[in-house]
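Please read the structure below before turning to the comments.
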Amino acid sequence: MNWHWSRFPAALCFILVASGQVEHQHHHPPQSADEYAQVLEDPSRDAWQKPHEVVMALKLEPTDVVADVGSGTGYFARRFALHAAKVYAVDIDPGLLEISAKSAPPNLITVLAKPDDPMLAESSVDLIFFCDVLHHLDNRPSYLQRLKKVLKPGGRIVTVDFYKKQLPVGPPEEMKLSEEAVIAEFSGAGFRLSRKETFLPYQYFLEFKN
């Protein structure tokens, strides 16, 4: 399985659309993690990503261990660290992980993952979080099976991703996964849909449990 982040981090693909940089980006991709970070951390993202509302909707406990898989620059991971006991910022790009570690709370731990392995210990995480990442993963059924081993008993996975329709932000419609497709894939991996939220304007919020 490959994460399509060898050249473009997953989070970057949708932020470029949101910031109106798609055409320029197609010909002149960022050459460094610092350039990626400027795009990923664009303040205009907050208006539609609603990071505070997402964090509140997760209902984190002070004892929780969270894994932000595909964390990029730590946009969400840094926020999670203010509410959870420990946060793993998981990505395959060492440059982005280095950026996410800067000025991060001490309970944020960066994890250099492999394309087919999040490199997390078995039964070590209460919550696995994806934001606009799932549709970039190949062989998702296999990856979901790996994640089942990472979760503690009673653990959960939350995925936030774009509705499969034309939107003013996000990747092309053909790249997106519909809610129905995501639910079916998780169901096939032995998960059940436990909750969904609808407060995001362009994305669905789905929570799954074993």
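The values are calculated or read from the model by the stated rules, or taken from the named source; none is laboratory data. Computed from a prediction, not measured in an experiment: that's the story for all the values here. So basically every Cβ, Gly included, is an ideal-geometry build from the backbone, and we count neighbours across all protein chains shown.
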Assess whether PHE130 counts as being more than 23 Å from VAL65 (Cβ to Cβ), surrounded by 12 or more Cβ atoms within 10 Å (Cβ to Cβ) and under 15 Å from the mean Cα position of the chain (by Cα).
-> no
Which listed residue is in contact with a strand residue (DSSP E or B) (Cβ under 6 Å, 6 or more places away or on another chain), aromatic (Phe, Trp, Tyr), within 22 Å of PRO51 (Cα to Cα) and touching a residue at least 60 places away in the same chain (Cβ under 8 Å), from PHE199, PHE162 | PHE162
Leading residue by the ranking (farthest from ALA47 (Cα to Cα)) among those in region 167-199 that are under 15 Å from the mean Cα position of the chain (by Cα) and not in a helix (DSSP H, G or I) | LEU177
If only one of ALA81, ALA104 is surrounded by fewer than 23 Cβ atoms within 10 Å (Cβ to Cβ), touching a residue at least 12 places away in the same chain (Cβ under 8 Å) and over 20 Å from ARG156 (Cα atoms), which one is it?
-> ALA104
Lone qualifier among TYR204, TYR143 - being closer than 17 Å to GLY70 by Cα and either under 16 Å from the mean Cα position of the chain (by Cα) or assigned to a strand (DSSP E or B) (or both) = TYR143
Go through (1) touching a strand residue (DSSP E or B) at 6+ places or on another chain (Cβ under 7 Å); (2) at pLDDT below 95; (3) surrounded by 16 or more Cβ atoms within 10 Å (Cβ to Cβ) one by one and return the number of the condition ILE15 breaks.
-> (1)
